[in-house]
Amino acid sequence: EHLLVSSLTSLFSTMSYQIVAISNEKGAPEQAYNKLEKAAASSGANFAEMFKFEIPSLMVGTLDSLINLSDDLGKTDNLIESILRKVEKTGHELSTYTGKKTELTVGGVPAKRYIQQFAWDYAKYPNRRPLKELVSLISGGVSAIDEELKQLGTSFADKVAALADGKRKKGGNLMVVDLNDVLTDDIMRNIQVHDTEYLKTLFVAIPKGGEEDFTSRYETLGGDLVGYGGPDWSGNSNELGTAVKYGNLVDRHDKRGSPVVPGSIKLVKEDNDSTLFAVTILKSMYEPGYYEGDEFIAGTQVDFEEAFKNACREKRYIVRQFDYDPNQASNSALKLEQLQVEVDGMRTGLSRWCKTHYGEAFVAWMHIKVIRVFVESVLRYGLPVDFTAVLYKAMKGKDIELTAALDKALGSEDEESKDLEEEGDEYHDFVLLKFEP
């Protein structure tokens, strides 16, 4: 059995560590420790700084359970690291708003010091529990962190989006701004606004440069929407007003036109990007009922507002949704201010959350690595448990040289090693786990 190298990357760190375990070969642990020190952290092979690395006495279980656990531990390790990186990335992104770099620590100390002074947390992760339960306990805690981060991140993103939308509307041109923020009492006093069953005044924003086109054609917009046909008394004025034909006997749609009330256009306001006009349209029309034999078919109300908006949209004219409220300008300002306070509060809370839970996730990550080293060492060196593990912190730029030095001092050139290397697997004659915090 052997441990495949886990090459883990970090967004914010270039420190490289290697955990190495070798068999004591029935000798004293001090002998194995001295051998590991001489191999890569001595005056003759100065590739790393070496630290003692505590591996607790864990429950071994059966050989089959260890083999199965070994296959799963690599995936669990990677999963926990991915969650750790999410928390780390979120914390650093939040710090960009304040301009102060967020210092993420593990139990109040930098990650580097925690790794180099690592000690198993027996209270949080009892070492006499079955390994499978222990791994589930660790991974379950980190999965809960991931779920909480998703919920907090989504809530914060929604609030930030609402604030950005509010600012966009407040500071935008007449095509996007909340009209209640820019149309004052003085402006609205000169606009006659209709909103009845049959008439409706709409506010239409026109991009700069399109005003002349709009003012010349606004009375023809939606020119096929309204039926203006009806009884024709023009041929005989004596019959004017008499009931000649009515209901379904008259084709009101043989003559069509726009719902816009002629001459109703009014310039409301303009800015550097757009101009706002008010026009009044025929909001709806009653289609009369009629008899089919002895049965009366009730009439229907036909609405033109949405169809007119679509006709404007096709010409790139924007009909603004607007219900005038003289108090809304101050209300909008208060709402925007409140949103800003909420976003700032959520940002501070989420940043604090990241600082706390980064440490929890990091502790879980390191404990999983310890379990990986233990399981792989038992599978490689057998029972009773008799091995020594150390932690190397590679000198800057000497990661590859460190591994090569360990291979040279601790390895052997046998056929199995050569075969595995040829197959593309990185193989070592000792347990090796690489990572970057």
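For region 159-195, the candidate set comprises residues that are out of contact with any Gly (no Cβ under 8 Å at 6 or more places or on another chain), hydrophobic (A, V, I, L, M, F, W, C) and without any contact (Cβ under 8 Å) to a residue 60 or more places away in the chain; within that set, the residue that is nearest to ALA278 (Cα to Cα) is VAL176.
Looking at the structure I just gave you, is VAL135 on the phi < 0 side of the Ramachandran plot and open to solvent by less than 30 Å² (accessible area, probe 1.4 Å)? For VAL135, the condition - on the phi < 0 side of the Ramachandran plot and open to solvent by less than 30 Å² (accessible area, probe 1.4 Å) - is met. Screening region 163-173 for residues that are surrounded by 15 or more Cβ atoms within 10 Å (Cβ to Cβ) and assigned to a helix (DSSP H, G or I) and picking the one that is farthest from the chain's Cα centre (by Cα) gives LYS170.
When GLU88, GLU148 are screened for being surrounded by fewer than 17 Cβ atoms within 10 Å (Cβ to Cβ) and under 17 Å from the mean Cα position of the chain (by Cα), only GLU148 passes.
Taking each residue of region 280-303 that is in contact (Cβ under 8 Å) with a residue 60 or more places away in the chain and in a loop (DSSP other than H, G, I, E, B) and looking for partners that are acidic (Asp, Glu) and open to solvent by less than 40 Å² (accessible area, probe 1.4 Å) with beta-carbon atoms closer than 7 Å, six or more apart or interchain, yields LYS283/GLU305.
Residues that are surrounded by 15 or more Cβ atoms within 10 Å (Cβ to Cβ) and of a type in the set (S, T, N, Q) were ranked within region 319-339; the one that is modelled with the lowest pLDDT is GLN328.
Is there a residue in region 67-76 that is closer than 21 Å to LEU149 by Cα and within 26 Å of the chain's Cα centre (by Cα)? Taking every residue of region 67-76 in turn, at least one turns out to be closer than 21 Å to LEU149 by Cα and within 26 Å of the chain's Cα centre (by Cα). Considering each residue of region 290-303 in turn, none proves to be acidic (Asp, Glu), over 26 Å from ASP224 (Cα atoms) and open to solvent by less than 80 Å² (accessible area, probe 1.4 Å).
So that you can scan it fast, the table gives a plain yes or no per residue for (1) out of contact with any helix residue (DSSP H, G or I) (no Cβ under 8 Å at 6 or more places or on another chain); (2) outside any loop (DSSP other than H, G, I, E, B):
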position: GLU133; (1), (2): yes, yes
position: SER139; (1), (2): no, yes
position: ASP146; (1), (2): no, yes
position: LEU149; (1), (2): no, yes
position: MET175; (1), (2): yes, no
position: ASN180; (1), (2): no, yes
position: TYR218; (1), (2): yes, yes
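Within region 94-115, the residues that satisfy the criterion of being over 30 Å from VAL160 (Cα atoms), of a type in the set (A, V, I, L, M, F, W, C) and outside any strand (DSSP E or B) are ALA111, ILE115. Note on region 89-107: residues that are farther than 15 Å from GLY349 by Cα and of a type in the set (A, V, I, L, M, F, W, C) amount to 1.
Out of TYR97, TYR198, TYR122, one residue alone is open to solvent by 50 Å² or more (accessible area, probe 1.4 Å), touching a residue at least 60 places away in the same chain (Cβ under 8 Å) and within 22 Å of the chain's Cα centre (by Cα). It is TYR97. Determine whether region 59-74 contains at least one residue that is more than 23 Å from SER23 (Cβ to Cβ), of a type outside the set (Gly, Ala, Ser) and surrounded by 18 or more Cβ atoms within 10 Å (Cβ to Cβ). The answer is no, given that none of the residues of region 59-74 is more than 23 Å from SER23 (Cβ to Cβ), of a type outside the set (Gly, Ala, Ser) and surrounded by 18 or more Cβ atoms within 10 Å (Cβ to Cβ).
Can you find, within region 26-58, the residue that is most open to solvent (accessible area, probe 1.4 Å) among those that are part of a loop (DSSP other than H, G, I, E, B), in contact (Cβ under 8 Å) with a residue 12 or more places away in the chain and not β-branched (Val, Ile, Thr)? So the residue we want is LYS26. Select from region 306-327 the residues that are touching a strand residue (DSSP E or B) at 6+ places or on another chain (Cβ under 6 Å) and either basic (Lys, Arg) or over 25 Å from MET188 (Cα atoms) (or both) and list them in ascending order. Passing the criteria: LYS309, ARG320.
Just one of the listed residues (ARG128, ARG113) is open to solvent by 70 Å² or more (accessible area, probe 1.4 Å), modelled with pLDDT of 95 or more and at negative phi, and it is ARG113.
The values are calculated or read from the model by the stated rules, or taken from the named source; none is laboratory data. Computed from a predicted structure; not experimentally measured. A quick note on method: Cβ atoms are made from the backbone with ideal geometry, for glycine too, and the neighbour counts reach across all protein chains shown. For the accessible areas, the whole protein counts, side chains as well, though only heavy atoms, and no ligand, DNA or RNA atoms are used. Shrake-Rupley method; radii C 1.70, N 1.55, O 1.52, S 1.80 Å.
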